[in-house]
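Where a number appears in this text, it was derived from the coordinates with a stated rule and is not lab data. Computed from a prediction, not measured in an experiment: that's the story for all the values here. A quick note on method: Cβ atoms are made from the backbone with ideal geometry, for glycine too, and the neighbour counts reach across all protein chains shown.
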């Protein structure tokens, strides 16, 4: 483990911008170092011990639960539409059985969720193919493409004629439970080896969430999305996200674990 300061994985997506905006203000008086990457890259950094703590894909936590501990009360979840985990399709989702579907190479949990949705909810046998190609290129040769994060938000504005399905919405309509896309998790060797630093960070994260949710309008003006969405649209997007982790979230996570295990995704 790299020590001396708390190394924090940072995913540079708009869904986490309010939390990091507030956390970075607190960090000015702390020994915190932020290491950026897309979800799949941050997952690997945490797994390899290059960072101590991060918001990471829920599938990462489920796959390597023995090396991580949850920071209670924190997640990136939705009870219904999440707004930025989207399946773009030339045809209705009911007609996708047997096809190859492209998925963002930045994602892990969302790919597993799409697999669960297609297999468990629709009884389809589709092939999911990871790609880093832009949506316009991918849709030249394939019928459907799943995007996540800011790319999904932006592309939804550019492709009004495509069918666009929100995976958080499909999950909620079929289960009645929240879907947990990401969790704040810390390596157990950091928690046990640096208990004072860990506890300090945990309290700072609690404070950052409280402060962020108080000032979404102000934070929206500093978001990179302000060039494509209005202030009210950005705030509405954030208000559709649950940053908590309560019993309902944990029930949703356990159901996802069950389905992912049955499909041998863990």
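Sorted by average packing, counted as other Cβ atoms within 10 angstrom per residue and highest first, what order do 139-146, 245-252 take? Don't skip to the end; give the middle numbers.
Values: 139-146: 18.2, 245-252: 16.6.
Final packing ranking: 139-146, 245-252.
Between the stretch 186-244 and the stretch 151-169, what's the alpha-carbon centroid distance in Å?
24
Starting with the highest mean, order 165-174, 51-60, 235-244, 122-131 by the number of other Cβ atoms within 10 Å, averaged over the residues of each peptide. Please list the in-between numbers first.
Working: 165-174: 20.1, 51-60: 26.5, 235-244: 17.9, 122-131: 13.2.
The peptides rank, most packed first, as 51-60, 165-174, 235-244, 122-131.
Taking a ≥ b ≥ c as the square roots of the Cα gyration tensor eigenvalues, with a/c under 1.5 meaning rounded and otherwise prolate when a/b beats b/c, else oblate, which class fits the chain?
Working: a/c = 1.85, a/b = 1.42, b/c = 1.30.
Prolate, since a/c reaches 1.5 and a/b exceeds b/c.
So what's the back-of-envelope 222 nm ellipticity for the chain, counting only DSSP H runs of four-plus at -39500 (n - 2.57) apiece and dividing by all residues, rounded to 500?
Taking each H run of at least 4 residues, the total per residue is -12500 deg cm²/dmol.
Classify the stretch 85-175 as rounded, prolate or oblate, taking a ≥ b ≥ c as the square roots of the eigenvalues of its Cα gyration tensor: rounded when a/c is under 1.5, otherwise prolate if a/b is larger than b/c and oblate if not.
Numbers: a/c = 1.39, a/b = 1.27, b/c = 1.09.
Rounded shape, in that the Cα axes give a/c under 1.5.
Using per-residue counts of other Cβ atoms within 10 Å, averaged over each peptide, order 104-114, 27-37 from highest down.
Working: 104-114: 23.5, 27-37: 14.5.
Ranked from most to least packed, the peptides come out as 104-114, 27-37.
Residue separation times 0.36 nm, minus the C-alpha to C-alpha distance between residue 67 and residue 91: what's the value? Kindly include the intermediate steps, with their values, before the conclusion.
Numbers: separation 24, 0.36 × 24 = 8.64 nm, distance 4.18 nm.
Using 0.36 nm per residue and subtracting the Cα-Cα distance, I get 4.5 nm.
Measure nothing fancy, just the Cα-based angle from helix 17-27's long axis to the longest principal axis of the chain, in degrees from 0 to 90, nearest 10.
On a 0 to 90 degree scale, this one is about 10.
Please compute the contact order of the chain in relative form: average sequence separation of alpha-carbon pairs under 8 Å and at least six residues apart, divided by the residue count, as a percent. Intermediate values should be presented prior to the final figure.
On the way: 452 pairs, mean separation 79.2, N = 266.
Normalised by residue count, the contact order of the chain is 30 percent.
Pull out a ≥ b ≥ c, the square roots of the eigenvalues of the alpha-carbon gyration tensor of the stretch 155-241, then state rounded if a/c is under 1.5, prolate if not and a/b is larger than b/c, and oblate in the remaining case. Each step should come with its number before you reach the end.
Details: a/c = 2.67, a/b = 1.55, b/c = 1.73.
Oblate is the answer for the stretch 155-241, as a/c is 1.5 or above yet b/c matches or exceeds a/b.
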